[in-house]
């Protein structure tokens, strides 16, 4: 089990769409990281809502899921567990 180098949870935002397989997989990865002891807080936004659309436009994302880590762009169209772990451990 590993935790992040700070005592506060890392804020992860996911902008997703209904029926999106990649979005479902992203949420599974994030749930697994929480179970593994990573200190993360996940907030989800539907891409059809104003908050979701705002994030998609701000980060010029064309695909869901859009994943933001502490407000910064991390990925779109899916998430790599390995790359996210690398970020969380640094």
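General remarks:
- Segment 67-90 versus segment 35-52: alpha-carbon centroid distance in Å: 12 Å
- Degrees between helix 21-35 axis and first principal axis of the chain (Cα, 0 to 90, nearest 10): 20 degrees
- Inter-site label distance for residue 17 and residue 46 at 7 Å from Cα along Cβ, in nm: 1.5 nm
- Cβ-Cβ distance of residue 53 and residue 24, R₀ of 30 Å, FRET efficiency by 1/(1 + (r/R0)^6): the value works out to about 0.90.
- In terms of overall dimensions, the chain has a Cα radius of gyration and Dmax of 12.5, 37 angstrom.
- Take every Cα pair under 8 Å whose residues are at least 6 apart in sequence, average their separation, divide by the length of the chain, and the relative contact order is 40 percent.
Just so you know, all these numbers are worked out from the coordinates, no wet-lab data involved. Computed from a prediction, not measured in an experiment: that's the story for all the values here. Positions of Cβ are generated from backbone atoms using ideal geometry, with glycine treated the same way; all protein chains shown enter the neighbour counts.
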